[in-house]
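Only the coordinates and a few stated rules stand behind these numbers; no lab work does. Keep in mind the model is a prediction, meaning the values are calculated, not measured. Here the Cβ positions follow ideal geometry from the backbone for every residue, glycine too, while neighbour counts run over all protein chains shown.
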2 protein chains.
Amino acid sequence: MDALQQAMASAAVDVEAVLQQVLESEDEPERRLLESMRYAALGGGKRLRPFLVLQSARQFTVSRKSALRTAAAVELVHCYSLVHDDLPAMDDDDLRRGKPTVHKAFDEATAILAGDALLTLAFQVLGDETTHSNPGVRCELIVALARAAGAHGMIGGQMIDLAVADRDVDIGEITRLQRLKTGALITFACEAGAILGRAGEPGREALRGFAHDLGLAFQIADDLLDVEGTAAETGKAVGKDATQGKATFVSILGPERARAQAGMLADQAVRHLAIFDENADFLREVARFVVERRS
Amino acid sequence: MDALQQAMASAAVDVEAVLQQVLESEDEPERRLLESMRYAALGGGKRLRPFLVLQSARQFTVSRKSALRTAAAVELVHCYSLVHDDLPAMDDDDLRRGKPTVHKAFDEATAILAGDALLTLAFQVLGDETTHSNPGVRCELIVALARAAGAHGMIGGQMIDLAVADRDVDIGEITRLQRLKTGALITFACEAGAILGRAGEPGREALRGFAHDLGLAFQIADDLLDVEGTAAETGKAVGKDATQGKATFVSILGPERARAQAGMLADQAVRHLAIFDENADFLREVARFVVERRS
């Protein structure tokens, strides 16, 4: 395992501890709900978005606790979006992170409620004073997360994705779609460190630019994995996009050009980080990681 | 129309204006999502929860704008919960407020996303500085709303409701269930005015006690309407609880005792307001209104 992978694994352990804590469940009548939330949020995933929060926070003066709780909130939102996206009325997926999806392991109603509750919990975590002593910072995080995850962010992107499912799209449309669907939350994750550290505009701008290119590179790599990966590697069904005739970066550009584009975006992402010192090296490496990953 | 009904109608108009504003939609690819959110949130409902926010705020020094934006946020959460509760996997309802439910008027995927986006928007509205100049107050609203709407509040209540659908429940269980499912958000609505007004413990305690009894009275009245109301009056299907063999206050207590219980709770609710002057008269009247309403 190289240094980046070690750092990601260690961050995942720390974030998992916070998630465990905020998802603690007692023997209460609604415990099935808590079980489904824990099933959805614990013990899986690369925890890429939390890692981005922690690493962006490292560029400024931010307490470990503030960064970890913010990282956990972002992951709660990411996990809720997966639970809802997997529902039969949406992408209808049976497998996620190598396990049955929540509506398969529990049932559809529970999956809807689990997603709702994970989303709600994310805002509760950010609003709580243990996340940051300055309530102005907490409100800024909350508004930025709501924007990134909302109707003109992640949810809007998912809506467009459903709307274009049975028609041709061009590269401009798919870029905008993915910028909302996956890009917005990744951008929030990178900006969160700057918000927590009350950074000035140059730092924020650099992280936004980085996140913007990273998000697209990540999505292109995801589309490539759907074509070239195996279910064993990715923990989810592969080849779905082609079977469903869904337009992706790969179906539009072809695998060669898509791979080249992802690499170019990763390089471009790194260039945005020029204003930071070696503290940003893991951010630089993560840009390479997202395009080379096999899962 | 009596004074209370006039005040409620006027409050509904003002809250509608805020909802219109935060749900403004442009000609963008995700406009179908915005349309479904507007369909779910605009132009319907008694706006009871917003009215409770506005009236509780009247007991303290709170700007009209702060109260209205908080009222709108509560209504966004209420509307999202209706959209998700109506889904086929949940209560499977076709009619709401006299119109087809969102998944009927649009489709299931859109209804899931519309609910998610309304919930997200509620937190964005509360976090925004136009809601209150003090970010500490905004954070307190956000955490309290997340608690009320979350896994140990409204969503937890809905989960228990699904879990007990096919077995007998006693009056204690159904009271706890409804305290979460409908009571928690009503309690937040009443407490919100105290939070906005930075009220001391006596004021908060009085409003919590009031809301607690009001919420149960409201739910018993709802159960009575399902037995005795018509679809034309209520704007939704009636007689569903009995058809589905679902335990309610009415099925357990019988209509006579249920009605007596609702009246007793309404009286009890009013007694909690003794510390307030005639500014609280609409709150007193609303307790009577919820048990006598025909819709």
Selected from B:ALA199, B:ALA184, B:ALA71 as most flexible by GNM, with chain B as the system and alpha-carbon contacts under 10 Å: B:ALA199
Cα-only Debye scattering, the stretch B:253-295: base-10 log of I(q)/I(0) at q = 0.18 Å⁻¹: -0.54
The stretch B:208-232 and the stretch A:24-56: distance between their alpha carbon centers, rounded to Å: 35
Equivalent ellipsoid dimensions for the stretch A:3-292 as semi-axes, Å, which come from the Cα gyration tensor, largest first: 27, 26, 17
Karplus (6.51, -1.76, 1.60) ³J(HN,Hα), θ = phi - 60°, over the stretch B:36-43, in Hz, Gly and Pro reported as x: 5, 5, 5, 4, 6, 10, 9, x
Kirkwood-type radius of the stretch A:31-99, with distances r between different C-alpha atoms, in Å: 13.4
The protein assembly as shown, helix-only ellipticity at 222 nm - DSSP H runs n ≥ 4, -39,500 (n - 2.57), divided by all residues, nearest 500: -22000 deg cm²/dmol
Calculated Rg and Dmax of the protein assembly as shown using C-alpha coordinates, Å: 24.3, 75
Amide H contacts under 5 Å for B:ARG96, placed H, 5+ residues apart: B:THR101
Exceeding the 23 Å Cα-Cα cut-off - candidates A:LYS99/B:LYS246; B:LYS181/B:LYS236; A:LYS46/A:LYS181: A:LYS99/B:LYS246
Volume per residue of the C-alpha convex hull in the stretch A:148-252, rounded to whole Å³: 107
Sites B:ARG257 and A:GLN6, calculated FRET efficiency, Cβ-Cβ separation with R0 56 Å, nearest 0.05: 0.30
Exposed-loop-free span, longest in chain A, where trypsin sites (Lys or Arg not before Pro) count as exposed if DSSP calls them loop and at most 12 other C-beta atoms lie within 10 Å: A:1-166
